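Student: Sharing a structure here in structure tokens format.
The values are calculated or read from the model by the stated rules, or taken from the named source; none is laboratory data. Nothing here was measured: the structure is a model prediction, and the numbers come from that model. Using ideal geometry, Cβ is built from the backbone for each residue, glycine included, and neighbour counts are taken over all protein chains shown. Only protein heavy atoms, including side chains, enter the accessible area calculation; ligands, DNA and RNA are left aside. Shrake-Rupley method; radii C 1.70, N 1.55, O 1.52, S 1.80 Å.
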Amino acid sequence: WLAQRDPAAVQAARQRTSELWGRAAATLREVQKLPGLERYLMSAGINQIKQAAAEFPVLYLWTSRGETSAALVLGDGTILHAAVDGLGNEVLGRVLRTWVDGLQLTVPTTGRQRKIELATLGEALKPYVPQLLQVILTARYTEDPQGEGWRWGPVTLVVSGLLSYFPVHAWSPYIGDDATGQPLYHMPLNYAPSARQALTARRRRGGAGA
């Protein structure tokens, strides 16, 4: 419609957008020239992910077209994978819609309404996502509870897609007592936007004065 009414305005908007993208790209190139930021905003390679997992395992959680998946990278390079079939973007989008809408500043809501919606959402997803985390994060422990290898966190959690709107760390998995079912150990989950950022944060914490 706008292109028919005012072609000049459309062309000006396109040119302005192109200029802004060019400036952003130039700024990014300058940032990547700085020491330690050579791969800023670039996807981490598998070697970087394994390096980030050397101290603490890294868990990726994402939703694709047909499933929600989790991949756990361990310090020895082992990668464990599990998925929930059927919990894809379309289904999860419907489940999360009310909660995500309530996060918008333009939508009037109260703290109480958000707590109720969050609790309801947690119950709706409880049979799926928490079980997925429980299975993949406790696998090594249940296979060999007395083993010398990695058994229990902390784990760096990298969430992408729709589940990034939800406080996934609230589903911290646990090992329960065989007799009573009461939690014995809780899995500490630490958020990070990426494996690279997790590695950078650890290096800074380990520097002088840490």
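Student: Based on this model, can you work out whether L96 counts as modelled with pLDDT of 85 or more and either surrounded by fewer than 16 Cβ atoms within 10 Å (Cβ to Cβ) or within 18 Å of the chain's Cα centre (by Cα) (or both)?
Tutor: Taking the combined requirement at face value, the residue satisfies it.
Student: Run down A82, A71 and say which single residue is open to solvent by less than 40 Å² (accessible area, probe 1.4 Å), in contact with a Ser or Thr (Cβ under 9 Å, 6 or more places away or on another chain), at pLDDT 85 or above and not in a loop (DSSP other than H, G, I, E, B).
Tutor: After applying the criteria, what remains is A82.
Student: Tally the residues that are without any contact (Cβ under 8 Å) to a residue 40 or more places away in the chain and more than 13 Å from W62 (Cα to Cα), restricting the search to segment 87-100.
Tutor: Adding up the residues that qualify gives 6.
Student: Is segment 142-164 home to any residue that is modelled with pLDDT of 80 or more, in a loop (DSSP other than H, G, I, E, B) and farther than 22 Å from N190 by Cα?
Tutor: no
Student: Pull up segment 99-115, narrow it to residues that are open to solvent by 90 Å² or more (accessible area, probe 1.4 Å) and part of a helix (DSSP H, G or I), then point me to the one that is nearest to L163 (Cα to Cα).
Tutor: K115
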